[in-house]
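The values are calculated or read from the model by the stated rules, or taken from the named source; none is laboratory data. Because the structure is predicted, anything quoted here is derived from the model rather than measured. Positions of Cβ are generated from backbone atoms using ideal geometry, with glycine treated the same way; all protein chains shown enter the neighbour counts. SASA here: full protein model, heavy atoms, side chains in, ligands and nucleic acids out. Shrake-Rupley method; radii C 1.70, N 1.55, O 1.52, S 1.80 Å.
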Amino acid sequence: MTEKDALEYIGSIQHYGIVPGLSSIRELCCRLGDPQNALRFVHIAGTNGKGSTLAFVSSILRCAGYRVGRYISPVIFQYRERIQVGERPISRSALCEGMELVREACKNMCEEGFLQPTPFEVETALAFWYFRKKKCDIVVLETGMGGLLDATNLVNTTITSVIASVSMDHMKFLGYTLEQIAAQKAGIIKENCPVVLLKQSEEVMRVVEREAVEKHASLVFADTGKASHVRYGMERQIFDYDGLRKLEISLAGQFQIDNAVLAVETIRTLVEQGYSVREDALRRGLKEAAWPGRFQVLRKNPLFVVDGAHNEDAAQKLARAIEFYFTNRRIIYIMGILKDKDHERIIDLTHGYADQIITVTPPDNPRAMHAYELAREIAEVHPEVTAVDSLEEAVEMSLLLAGKEDVILAFGSLSYLGRLMEIVARR
(Lines give C-alpha, C1' and ligand atoms only; values in the text may rest on other atoms or scores of the structure.)
Protein backbone atom coordinates (compact mmCIF):
# COMPACT_ATOMS: atom_id res chain seq x y z
CA MET A 1 0.00 0.00 0.00
CA THR A 2 1.22 3.50 -0.85
CA GLU A 3 0.26 6.75 0.90
CA LYS A 4 -2.00 7.47 -2.07
CA ASP A 5 -3.68 4.08 -1.58
CA ALA A 6 -4.17 4.81 2.14
CA LEU A 7 -5.81 8.16 1.47
CA GLU A 8 -7.95 6.68 -1.30
CA TYR A 9 -9.14 3.98 1.07
CA ILE A 10 -10.21 6.57 3.66
CA GLY A 11 -11.91 8.51 0.88
CA SER A 12 -13.73 5.42 -0.32
CA ILE A 13 -15.45 4.90 3.06
CA GLN A 14 -16.39 8.54 3.73
CA HIS A 15 -20.01 7.82 2.80
CA TYR A 16 -20.35 5.68 5.94
CA GLY A 17 -20.41 9.00 7.82
CA ILE A 18 -20.87 9.18 11.58
CA VAL A 19 -22.23 6.19 13.50
CA PRO A 20 -22.08 6.75 17.28
CA GLY A 21 -21.35 3.63 19.33
CA LEU A 22 -18.47 1.41 20.40
CA SER A 23 -19.36 -2.03 19.02
CA SER A 24 -17.62 -1.55 15.67
CA ILE A 25 -14.41 0.03 17.02
CA ARG A 26 -14.29 -2.65 19.73
CA GLU A 27 -14.41 -5.45 17.15
CA LEU A 28 -11.87 -3.73 14.90
CA CYS A 29 -9.37 -3.15 17.70
CA CYS A 30 -9.84 -6.71 18.93
CA ARG A 31 -8.69 -7.95 15.52
CA LEU A 32 -5.61 -5.74 15.83
CA GLY A 33 -4.70 -7.17 19.22
CA ASP A 34 -6.34 -4.43 21.31
CA PRO A 35 -3.38 -2.04 21.09
CA GLN A 36 -5.18 0.55 23.22
CA ASN A 37 -4.85 -1.69 26.29
CA ALA A 38 -1.07 -1.28 26.22
CA LEU A 39 -1.34 2.50 26.51
CA ARG A 40 -2.16 5.15 29.11
CA PHE A 41 -4.40 8.06 28.16
CA VAL A 42 -5.21 11.63 29.05
CA HIS A 43 -8.67 11.76 27.45
CA ILE A 44 -10.05 15.20 26.53
CA ALA A 45 -13.65 16.06 25.63
CA GLY A 46 -15.33 19.42 25.07
CA THR A 47 -17.01 21.54 22.43
CA ASN A 48 -14.26 24.14 22.14
CA GLY A 49 -10.77 24.33 23.57
CA LYS A 50 -9.98 20.62 23.71
CA GLY A 51 -7.42 20.87 20.91
CA SER A 52 -5.56 23.78 22.50
CA THR A 53 -5.66 22.01 25.87
CA LEU A 54 -4.21 18.94 24.17
CA ALA A 55 -1.44 21.10 22.72
CA PHE A 56 -0.53 22.50 26.15
CA VAL A 57 -0.68 19.14 27.97
CA SER A 58 1.30 17.23 25.35
CA SER A 59 3.92 19.98 25.09
CA ILE A 60 4.43 19.98 28.86
CA LEU A 61 4.74 16.18 28.99
CA ARG A 62 7.20 16.22 26.08
CA CYS A 63 9.32 18.82 27.91
CA ALA A 64 9.19 16.56 30.99
CA GLY A 65 10.83 13.78 28.97
CA TYR A 66 7.86 11.57 28.13
CA ARG A 67 7.19 9.97 24.73
CA VAL A 68 3.79 11.46 23.99
CA GLY A 69 1.23 10.40 21.42
CA ARG A 70 -1.32 12.95 20.16
CA TYR A 71 -4.56 12.13 18.38
CA ILE A 72 -6.32 15.19 16.98
CA SER A 73 -9.08 16.29 14.61
CA PRO A 74 -9.61 18.10 12.38
CA VAL A 75 -6.19 18.57 10.77
CA ILE A 76 -4.91 21.77 9.19
CA PHE A 77 -2.21 21.00 6.62
CA GLN A 78 -1.95 17.28 5.92
CA TYR A 79 -3.75 14.06 6.75
CA ARG A 80 -0.86 12.56 8.73
CA GLU A 81 -1.09 15.33 11.37
CA ARG A 82 -4.03 13.45 12.86
CA ILE A 83 -1.67 10.96 14.53
CA GLN A 84 1.53 12.30 16.10
CA VAL A 85 4.32 11.17 18.41
CA GLY A 86 6.48 13.86 19.93
CA GLU A 87 4.53 16.37 17.80
CA ARG A 88 5.77 14.68 14.61
CA PRO A 89 3.14 13.23 12.25
CA ILE A 90 2.96 9.50 11.63
CA SER A 91 5.51 8.54 8.99
CA ARG A 92 4.40 7.65 5.48
CA SER A 93 5.72 4.12 5.87
CA ALA A 94 3.90 3.59 9.17
CA LEU A 95 0.70 5.06 7.72
CA CYS A 96 0.85 2.58 4.85
CA GLU A 97 1.74 -0.40 7.05
CA GLY A 98 -0.93 0.35 9.63
CA MET A 99 -3.65 1.25 7.17
CA GLU A 100 -3.09 -2.00 5.28
CA LEU A 101 -3.56 -3.97 8.51
CA VAL A 102 -6.68 -1.98 9.40
CA ARG A 103 -8.14 -2.30 5.89
CA GLU A 104 -7.67 -6.08 5.97
CA ALA A 105 -9.33 -6.28 9.37
CA CYS A 106 -12.27 -4.21 8.08
CA LYS A 107 -12.57 -6.44 5.02
CA ASN A 108 -12.73 -9.54 7.20
CA MET A 109 -15.33 -7.90 9.44
CA CYS A 110 -17.57 -7.14 6.46
CA GLU A 111 -17.20 -10.68 5.13
CA GLU A 112 -18.34 -11.99 8.51
CA GLY A 113 -21.43 -9.79 8.60
CA PHE A 114 -20.17 -6.87 10.68
CA LEU A 115 -20.72 -3.28 9.59
CA GLN A 116 -17.90 -1.48 7.81
CA PRO A 117 -16.17 0.75 10.40
CA THR A 118 -16.52 4.47 9.77
CA PRO A 119 -13.53 6.63 8.73
CA PHE A 120 -13.13 7.94 12.28
CA GLU A 121 -13.15 4.40 13.68
CA VAL A 122 -10.54 3.33 11.13
CA GLU A 123 -8.34 6.30 12.02
CA THR A 124 -8.76 5.74 15.76
CA ALA A 125 -7.76 2.08 15.47
CA LEU A 126 -4.78 3.08 13.32
CA ALA A 127 -3.73 5.62 15.96
CA PHE A 128 -3.87 3.04 18.76
CA TRP A 129 -1.80 0.62 16.63
CA TYR A 130 0.82 3.30 15.93
CA PHE A 131 1.07 4.55 19.51
CA ARG A 132 1.67 0.99 20.73
CA LYS A 133 4.24 0.46 17.98
CA LYS A 134 6.08 3.63 19.10
CA LYS A 135 5.85 2.60 22.77
CA CYS A 136 4.28 5.90 23.90
CA ASP A 137 4.43 6.62 27.63
CA ILE A 138 1.24 8.69 27.53
CA VAL A 139 -1.30 9.39 24.77
CA VAL A 140 -3.21 12.67 24.85
CA LEU A 141 -6.44 11.70 23.16
CA GLU A 142 -8.99 14.14 21.77
CA THR A 143 -12.55 12.95 21.26
CA GLY A 144 -13.97 13.37 17.80
CA MET A 145 -17.53 14.26 18.82
CA GLY A 146 -19.22 13.97 22.18
CA GLY A 147 -17.60 11.39 24.43
CA LEU A 148 -19.86 8.60 25.66
CA LEU A 149 -20.39 7.03 22.21
CA ASP A 150 -17.25 8.41 20.57
CA ALA A 151 -14.86 5.81 19.16
CA THR A 152 -12.05 7.09 21.40
CA ASN A 153 -14.11 6.07 24.45
CA LEU A 154 -13.15 2.46 23.82
CA VAL A 155 -10.13 3.11 26.07
CA ASN A 156 -10.25 1.82 29.62
CA THR A 157 -6.74 2.74 30.77
CA THR A 158 -7.37 6.47 31.18
CA ILE A 159 -5.23 8.16 33.83
CA THR A 160 -7.03 11.53 33.71
CA SER A 161 -10.27 12.63 32.05
CA VAL A 162 -10.42 16.28 31.01
CA ILE A 163 -13.52 18.28 30.05
CA ALA A 164 -13.03 21.64 28.36
CA SER A 165 -15.67 24.24 27.49
CA VAL A 166 -19.05 22.66 26.66
CA SER A 167 -21.61 24.42 24.46
CA MET A 168 -24.16 23.78 21.73
CA ASP A 169 -22.80 21.89 18.69
CA HIS A 170 -23.53 18.62 16.85
CA MET A 171 -27.03 18.73 18.36
CA LYS A 172 -28.34 16.12 15.91
CA PHE A 173 -26.07 13.54 17.56
CA LEU A 174 -25.50 14.88 21.09
CA GLY A 175 -28.82 16.42 22.13
CA TYR A 176 -30.62 19.75 21.98
CA THR A 177 -29.98 20.96 25.53
CA LEU A 178 -26.74 21.85 27.27
CA GLU A 179 -27.38 19.18 29.88
CA GLN A 180 -27.77 16.46 27.23
CA ILE A 181 -24.55 17.53 25.50
CA ALA A 182 -22.69 17.71 28.83
CA ALA A 183 -23.83 14.17 29.64
CA GLN A 184 -22.28 12.94 26.39
CA LYS A 185 -19.00 14.72 27.19
CA ALA A 186 -19.02 13.36 30.75
CA GLY A 187 -19.28 9.87 29.27
CA ILE A 188 -15.48 9.72 29.10
CA ILE A 189 -15.25 9.64 32.90
CA LYS A 190 -13.96 6.28 34.14
CA GLU A 191 -14.35 4.50 37.47
CA ASN A 192 -11.95 5.91 40.12
CA CYS A 193 -10.19 8.04 37.49
CA PRO A 194 -9.47 11.73 38.24
CA VAL A 195 -11.50 14.29 36.29
CA VAL A 196 -10.41 17.85 35.53
CA LEU A 197 -13.25 20.19 34.54
CA LEU A 198 -13.01 23.75 33.31
CA LYS A 199 -15.21 25.84 35.57
CA GLN A 200 -18.14 27.01 33.44
CA SER A 201 -21.96 27.12 33.41
CA GLU A 202 -23.85 25.59 36.33
CA GLU A 203 -25.77 23.26 33.98
CA VAL A 204 -22.56 21.66 32.70
CA MET A 205 -20.89 21.44 36.10
CA ARG A 206 -23.93 19.76 37.70
CA VAL A 207 -23.96 17.06 35.05
CA VAL A 208 -20.23 16.38 35.28
CA GLU A 209 -20.25 16.40 39.09
CA ARG A 210 -23.11 13.88 39.12
CA GLU A 211 -21.24 11.56 36.74
CA ALA A 212 -18.02 11.88 38.75
CA VAL A 213 -19.85 10.90 41.95
CA GLU A 214 -21.42 7.88 40.25
CA LYS A 215 -17.99 6.77 38.98
CA HIS A 216 -16.23 7.45 42.32
CA ALA A 217 -13.95 9.79 40.41
CA SER A 218 -12.19 12.69 42.13
CA LEU A 219 -13.12 16.01 40.52
CA VAL A 220 -10.78 18.98 40.15
CA PHE A 221 -11.99 22.37 38.90
CA ALA A 222 -9.78 24.49 36.68
CA ASP A 223 -10.90 27.96 37.75
CA THR A 224 -9.80 30.73 35.41
CA GLY A 225 -11.01 33.18 38.05
CA LYS A 226 -7.80 32.36 39.93
CA ALA A 227 -5.69 33.65 37.04
CA SER A 228 -4.34 37.08 37.89
CA HIS A 229 -1.98 39.76 36.60
CA VAL A 230 -2.91 38.72 33.07
CA ARG A 231 -1.05 40.49 30.28
CA TYR A 232 -2.75 39.76 26.98
CA GLY A 233 -1.04 39.94 23.61
CA MET A 234 -1.05 38.62 20.06
CA GLU A 235 2.41 37.03 20.30
CA ARG A 236 2.64 36.11 23.98
CA GLN A 237 0.44 36.21 27.07
CA ILE A 238 1.56 36.12 30.70
CA PHE A 239 -0.44 35.32 33.83
CA ASP A 240 -0.20 34.11 37.43
CA TYR A 241 -2.18 31.08 38.56
CA ASP A 242 -2.59 29.54 41.99
CA GLY A 243 0.95 30.01 43.25
CA LEU A 244 2.65 29.95 39.85
CA ARG A 245 3.89 33.38 38.78
CA LYS A 246 4.48 34.71 35.28
CA LEU A 247 3.39 31.68 33.29
CA GLU A 248 3.78 32.43 29.58
CA ILE A 249 1.93 31.10 26.54
CA SER A 250 2.48 31.83 22.86
CA LEU A 251 -1.12 31.23 21.76
CA ALA A 252 -3.20 34.38 21.24
CA GLY A 253 -6.77 34.98 22.37
CA GLN A 254 -8.16 35.61 25.84
CA PHE A 255 -9.78 32.16 25.82
CA GLN A 256 -6.34 30.50 25.71
CA ILE A 257 -5.83 31.45 29.34
CA ASP A 258 -8.75 29.12 30.13
CA ASN A 259 -7.15 26.28 28.19
CA ALA A 260 -3.73 26.86 29.78
CA VAL A 261 -5.25 26.79 33.28
CA LEU A 262 -7.06 23.55 32.39
CA ALA A 263 -3.73 22.09 31.23
CA VAL A 264 -1.97 23.12 34.44
CA GLU A 265 -4.61 21.36 36.58
CA THR A 266 -4.39 18.29 34.32
CA ILE A 267 -0.63 18.11 34.85
CA ARG A 268 -1.14 18.46 38.60
CA THR A 269 -3.42 15.41 38.64
CA LEU A 270 -0.76 13.44 36.77
CA VAL A 271 1.90 14.52 39.28
CA GLU A 272 -0.36 13.34 42.11
CA GLN A 273 -0.44 9.94 40.39
CA GLY A 274 3.36 9.71 40.35
CA TYR A 275 4.27 11.21 37.01
CA SER A 276 7.32 13.47 37.21
CA VAL A 277 6.83 16.96 35.80
CA ARG A 278 9.12 19.65 37.15
CA GLU A 279 8.00 23.27 37.20
CA ASP A 280 10.57 24.23 34.55
CA ALA A 281 9.07 21.61 32.19
CA LEU A 282 5.59 22.96 32.85
CA ARG A 283 6.70 26.51 32.10
CA ARG A 284 8.61 25.57 28.96
CA GLY A 285 5.80 23.34 27.72
CA LEU A 286 3.22 26.09 28.09
CA LYS A 287 5.45 28.57 26.27
CA GLU A 288 6.38 26.20 23.42
CA ALA A 289 2.87 24.87 22.78
CA ALA A 290 1.67 25.65 19.27
CA TRP A 291 -1.78 25.10 17.78
CA PRO A 292 -2.21 26.26 14.16
CA GLY A 293 -5.39 28.00 13.06
CA ARG A 294 -6.51 29.23 16.46
CA PHE A 295 -6.42 33.05 16.48
CA GLN A 296 -3.07 32.81 14.74
CA VAL A 297 -1.23 35.76 13.20
CA LEU A 298 0.02 34.97 9.68
CA ARG A 299 1.48 38.37 8.76
CA LYS A 300 1.54 42.02 9.73
CA ASN A 301 0.83 45.29 7.86
CA PRO A 302 -1.96 44.44 7.33
CA LEU A 303 -2.47 42.08 10.23
CA PHE A 304 -3.75 38.75 8.86
CA VAL A 305 -5.33 36.45 11.47
CA VAL A 306 -6.98 33.03 11.10
CA ASP A 307 -9.27 31.34 13.60
CA GLY A 308 -11.30 28.14 13.56
CA ALA A 309 -14.45 29.67 15.09
CA HIS A 310 -17.10 27.29 13.75
CA ASN A 311 -19.95 27.28 16.27
CA GLU A 312 -21.84 29.65 18.58
CA ASP A 313 -19.50 29.42 21.57
CA ALA A 314 -16.39 29.87 19.42
CA ALA A 315 -18.02 32.80 17.62
CA GLN A 316 -18.77 34.45 20.97
CA LYS A 317 -15.14 34.02 22.03
CA LEU A 318 -13.98 35.41 18.69
CA ALA A 319 -16.26 38.42 19.07
CA ARG A 320 -14.78 39.15 22.51
CA ALA A 321 -11.26 38.83 21.08
CA ILE A 322 -12.11 41.25 18.27
CA GLU A 323 -13.44 43.78 20.77
CA PHE A 324 -10.34 43.41 22.92
CA TYR A 325 -7.55 43.30 20.33
CA PHE A 326 -8.95 45.26 17.38
CA THR A 327 -10.87 48.19 18.87
CA ASN A 328 -11.29 51.04 16.37
CA ARG A 329 -9.57 49.11 13.58
CA ARG A 330 -11.04 48.46 10.15
CA ILE A 331 -11.66 44.72 9.73
CA ILE A 332 -12.12 42.61 6.59
CA TYR A 333 -13.50 39.10 7.00
CA ILE A 334 -12.92 35.98 4.96
CA MET A 335 -15.68 33.54 5.95
CA GLY A 336 -16.16 29.89 5.01
CA ILE A 337 -18.68 27.77 6.91
CA LEU A 338 -19.98 24.20 6.83
CA LYS A 339 -23.70 23.95 6.11
CA ASP A 340 -24.41 21.71 9.12
CA LYS A 341 -23.17 24.39 11.52
CA ASP A 342 -25.30 27.13 13.08
CA HIS A 343 -24.24 29.66 10.44
CA GLU A 344 -27.12 32.02 11.28
CA ARG A 345 -25.87 32.39 14.85
CA ILE A 346 -22.22 32.72 13.77
CA ILE A 347 -23.20 35.52 11.38
CA ASP A 348 -25.34 37.22 14.01
CA LEU A 349 -22.50 37.26 16.55
CA THR A 350 -19.73 38.47 14.23
CA HIS A 351 -21.04 40.55 11.31
CA GLY A 352 -21.19 43.83 13.22
CA TYR A 353 -17.41 44.09 13.57
CA ALA A 354 -16.62 43.79 9.85
CA ASP A 355 -16.23 46.62 7.40
CA GLN A 356 -16.30 44.20 4.45
CA ILE A 357 -16.93 40.46 4.22
CA ILE A 358 -15.62 38.02 1.61
CA THR A 359 -17.23 34.56 1.51
CA VAL A 360 -15.58 31.35 0.28
CA THR A 361 -16.62 27.75 -0.22
CA PRO A 362 -14.40 25.45 1.92
CA PRO A 363 -12.83 23.26 -0.81
CA ASP A 364 -13.02 19.46 -1.02
CA ASN A 365 -15.65 19.20 1.70
CA PRO A 366 -19.12 17.78 0.93
CA ARG A 367 -20.46 19.58 4.01
CA ALA A 368 -19.32 23.00 2.76
CA MET A 369 -21.79 25.86 2.48
CA HIS A 370 -21.43 27.50 -0.94
CA ALA A 371 -19.90 30.98 -0.89
CA TYR A 372 -22.86 32.49 -2.76
CA GLU A 373 -25.40 30.95 -0.39
CA LEU A 374 -23.45 32.26 2.60
CA ALA A 375 -23.17 35.71 0.99
CA ARG A 376 -26.94 35.85 0.42
CA GLU A 377 -27.53 35.09 4.07
CA ILE A 378 -25.00 37.68 5.26
CA ALA A 379 -26.44 40.31 2.88
CA GLU A 380 -29.64 40.31 4.95
CA VAL A 381 -27.74 41.92 7.85
CA HIS A 382 -24.57 43.37 6.27
CA PRO A 383 -24.45 45.34 2.98
CA GLU A 384 -20.75 44.91 2.13
CA VAL A 385 -20.42 41.22 1.25
CA THR A 386 -18.84 39.55 -1.78
CA ALA A 387 -18.71 35.87 -2.73
CA VAL A 388 -15.58 34.67 -4.53
CA ASP A 389 -14.75 31.47 -6.40
CA SER A 390 -11.46 30.48 -4.74
CA LEU A 391 -9.30 30.94 -1.67
CA GLU A 392 -6.63 32.55 -3.84
CA GLU A 393 -9.13 35.18 -4.97
CA ALA A 394 -10.22 35.77 -1.38
CA VAL A 395 -6.65 36.39 -0.21
CA GLU A 396 -5.90 38.62 -3.20
CA MET A 397 -9.06 40.69 -2.71
CA SER A 398 -8.58 41.05 1.05
CA LEU A 399 -5.02 42.33 0.61
CA LEU A 400 -6.16 44.82 -2.03
CA LEU A 401 -8.91 46.10 0.25
CA ALA A 402 -6.80 46.33 3.39
CA GLY A 403 -4.57 49.21 4.38
CA LYS A 404 -1.46 48.67 6.50
CA GLU A 405 -3.30 49.42 9.73
CA ASP A 406 -6.29 47.21 8.91
CA VAL A 407 -7.06 43.63 10.00
CA ILE A 408 -7.92 40.66 7.78
CA LEU A 409 -9.66 37.90 9.75
CA ALA A 410 -10.38 34.50 8.19
CA PHE A 411 -12.63 32.16 10.17
CA GLY A 412 -15.67 29.88 10.13
CA SER A 413 -14.27 26.39 9.57
CA LEU A 414 -10.90 24.79 10.18
CA SER A 415 -11.38 22.73 7.02
CA TYR A 416 -10.14 25.48 4.70
CA LEU A 417 -7.69 27.38 6.89
CA GLY A 418 -4.68 25.16 6.17
CA ARG A 419 -4.88 25.83 2.45
CA LEU A 420 -5.51 29.52 3.02
CA MET A 421 -2.47 29.72 5.32
CA GLU A 422 -0.33 28.15 2.60
CA ILE A 423 -1.57 30.74 0.09
CA VAL A 424 -0.71 33.60 2.45
CA ALA A 425 2.72 32.08 3.15
CA ARG A 426 3.50 31.88 -0.58
CA ARG A 427 2.85 35.62 -0.89
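A few remarks follow.
- Rounded if a/c under 1.5, otherwise prolate or oblate - segment 306-427, Cα gyration tensor axes: rounded
- A DSSP coil position with no more than 11 other Cβ atoms inside 10 Å describes the following trypsin sites (Lys or Arg not before Pro) in segment 278-386: K300.
- Prolate/oblate/rounded call for segment 170-312, Cα gyration tensor, a/c under 1.5 rounded: oblate
- The Cα trace of the chain gives Rg and Dmax of 21.2, 64 Å, the first to one decimal, the second as a whole number.
- Unsatisfied cross-links (Cα-Cα over 32 Å) in the set K246/K300; K300/K341; K50/K134; K4/K287: K4/K287
- Spatial offset of segment 197-221 relative to segment 360-426 amounts to 39 Å, using the alpha carbon center of each.
- Only Cα pairs under 8 Å and 6+ residues apart enter the sum, and on that basis the relative contact order of segment 1-141 stands at 42 percent.
- Positive minus negative residues near A315 (Lys, Arg vs Asp, Glu; Cβ under 9 Å): -2
- Charge tally around R329: other residues with Cβ under 9 Å, Lys/Arg +1 each, Asp/Glu -1 each, net -1.
- 10 Å Cβ shell holding at most 11 others, DSSP loop, GluC sites (Glu not before Pro): longest site-free stretch of the chain: 236-379
- At a probe radius of 1.4 angstrom, the accessible area of the chain per residue rounds to 42 square angstrom.
- Structural descriptor for the chain: relative contact order 16 percent, calculated from alpha carbon pairs under 8 angstrom and at least 6 residues apart.
- Here the accessible area of segment 117-264 is 50 percent carbon and sulfur, with a 1.4 angstrom probe and all protein chains present.
- Dipole magnitude (debye, nearest 20) for the chain, charges at Cβ of Lys, Arg, Asp, Glu: 1480
- Along segment 180-187 the Karplus relation, 6.51 cos²θ - 1.76 cosθ + 1.60 evaluated at θ = phi - 60°, assigns HN-Hα couplings of 5, 5, 4, 5, 5, 5, 5, x Hz to successive residues, with x for each Gly and Pro.
- Taken about its Cα centre, segment 330-427 carries a charge dipole of about 260 debye when Lys and Arg each add +1 at the Cβ and Asp and Glu each add -1 at the Cβ.
- Segment 107-157 shape via C-alpha gyration tensor axes, a/c threshold 1.5: oblate
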